1. When you check Ile75 against the structure, is it modelled with pLDDT of 95 or more and either part of a strand (DSSP E or B) or in contact with a Ser or Thr (Cβ under 7 Å, 6 or more places away or on another chain) (or both), yes or no?
2. Taking Gly239, is it of a type in the set (Gly, Ala, Ser) and within 11 Å of Asp270 (Cα to Cα)?
3. Tally time: how many residues in segment 95-116 are part of a helix (DSSP H, G or I), surrounded by 14 or more Cβ atoms within 10 Å (Cβ to Cβ) and under 27 Å from the mean Cα position of the chain (by Cα)?
4. Residues being aliphatic (A, V, I, L, M) and under 14 Å from Ala218 (Cβ atoms): count how many of those fall in segment 258-299.
5. When residues of segment 283-305 are filtered for being over 23 Å from the mean Cα position of the chain (by Cα) and not β-branched (Val, Ile, Thr), how many remain?
6. State whether the residues of segment 328-344 include one that is on the phi < 0 side of the Ramachandran plot and part of a strand (DSSP E or B).
Amino acid sequence: MERGVRRRPGGRVGQTADHAARHRPGPCPEGGRRRRARRRANAAPGGVDSPIRHHRTGRDVSEPLRWGILTTGNIARQFARDMAGAERGRIVAVGSRDRGRAAEFAGKFDVPRIHGSYDDLLADPEVEAVYQALPNSMHHEWTIAALSAGKHVLCEKPFAMTAAEAEEMFDVAEAKGVVLIEAFMYRSHPLTAAVVERVRRGDIGRLRMIRTSFCFCADTSANVRFDPDLGGGALMDIGCYCVSFSRFLAQAEPTRIHVVHHRHESAVDDITAGVLHFDDGLIATFTCGMTLHADNTADLCGAEGFIEVPIPWKPPVQGATYVMKRSHPPAQDRARRGPPPPPETIEVNAGKPLYALEADDFAATVRNGAAPKVTRADTIGNMRVLDEMRRQIAAHR
């Protein structure tokens, strides 16, 4: 059973036991004196250690991050539900243009502070970080408003409507000295780290193709996904996952992009398929759809095997799996190569709900300066691919 990173006996990742023994640090009297001096300097009167504080903000790094939830829709409810399992944060406020909906949300998820407008939530001094779950076309305006109010922001995908909007959002965050991260929650699950590690250490040979799919059959009545004015459409709502995952595995930006789509009567794309070509010969294909039943999977195909990920986008807390496989060789090669080995299924457990993992990773960046799971460059790169795909879709309506 894996938990993200495998460790070999004897020390850090990649060490052998002999190496760990040879390079294990010995006693250092001078270093020991310095460490004891630092402990004494941090000790409060009476022998109680003072809290460890962030070098820039001065905040106790162990203090739970205080969240405000911007809007009360379905994704905000999923986030609030999972926050019960978070270790490094708590929800202190919710804001909606409908105070009654905010009150209902607060009652369901035990949120102490209720605001009847987005502006009031952003003005709340108790709120340190905002979970931005408004419709896609409202991400730019209200993320900038939150950043300008001095709040850290975890902004739902797709981050913005264009790469230019995304650049402006990050520029404001940097000017204000606050954290801004795109909320691709699959990046926080150890299943993703485990699969990426297997690919990057060559367990399936050279990566040649990535195949991803994200589909469901949605009710079109009053669903923001089908509203073009709110940035709806299959590509922006769920295809962005496939693009993000493919670029993450490729560790590169595509050099050629092709997309085809079906236009729904609402004027958004309800089914979209795309191909990304990378300079090293890697090809990534994806399908996404909101009006059909299909699998939601990822396959990573290499020269020496492939990895099948049955649930890549929302892996469960317990029992997430990936499968190591090899294809059957063609008939003329079977005598020489023999049959492939049986598939190997590996289980990866997370220990806490998916959005709790994401929230705790965000808190680690805010409190400890940890590297974000999704960087500025990653988000901008994803938006540039989506920009080109949307350009092609608009040209073929």
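1. no
2. yes
3. In the first step, residues of segment 95-116 are kept if they are part of a helix (DSSP H, G or I); the result is 99-109.
Add one more test, that the residue is surrounded by 14 or more Cβ atoms within 10 Å (Cβ to Cβ), and what stays is 99, 101-106, 109.
Still in the list and also under 27 Å from the mean Cα position of the chain (by Cα): 102, 105-106, 109.
Looking only at that region, the number is 4.
4. Going through segment 258-299 one residue at a time, the tally reaches 5.
5. 6
6. We begin by selecting, within segment 328-344, every residue on the phi < 0 side of the Ramachandran plot; these are 328-337, 339-344.
Still in the running and part of a strand (DSSP E or B): 344.
For segment 328-344, residues on the phi < 0 side of the Ramachandran plot and part of a strand (DSSP E or B): present.
Yes or no, residue by residue, for (1) β-branched (Val, Ile, Thr); (2) under 21 Å from Met185 (Cβ atoms); (3) modelled with pLDDT of 95 or more:
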{"position": "Ile204", "(1), (2), (3)": "yes, no, yes"}
{"position": "Thr220", "(1), (2), (3)": "yes, no, no"}
{"position": "Ser246", "(1), (2), (3)": "no, yes, yes"}
{"position": "Ile257", "(1), (2), (3)": "yes, no, yes"}
{"position": "Thr272", "(1), (2), (3)": "yes, no, yes"}
{"position": "Phe278", "(1), (2), (3)": "no, no, yes"}
{"position": "Lys314", "(1), (2), (3)": "no, yes, yes"}
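Conditions (1) surrounded by fewer than 13 Cβ atoms within 10 Å (Cβ to Cβ); (2) of a type in the set (Gly, Ala, Ser); (3) in contact (Cβ under 8 Å) with a residue 60 or more places away in the chain; (4) not assigned by TED's automatic domain parsing to the domain that holds Arg88, marked per residue:
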{"position": "Met324", "(1), (2), (3), (4)": "no, no, yes, yes"}
{"position": "Gly338", "(1), (2), (3), (4)": "yes, yes, no, yes"}
{"position": "Glu344", "(1), (2), (3), (4)": "yes, no, no, yes"}
{"position": "Ala363", "(1), (2), (3), (4)": "no, yes, yes, yes"}
{"position": "Arg367", "(1), (2), (3), (4)": "no, no, yes, yes"}
{"position": "Pro372", "(1), (2), (3), (4)": "no, no, yes, yes"}
{"position": "Asn382", "(1), (2), (3), (4)": "no, no, yes, yes"}
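The values are calculated or read from the model by the stated rules, or taken from the named source; none is laboratory data. Just so you know, these numbers come straight off a predicted model, no measurement behind them. Methodologically, a virtual Cβ is constructed for each residue, glycine included, from the backbone with ideal geometry; neighbour enumeration extends over all protein chains shown.
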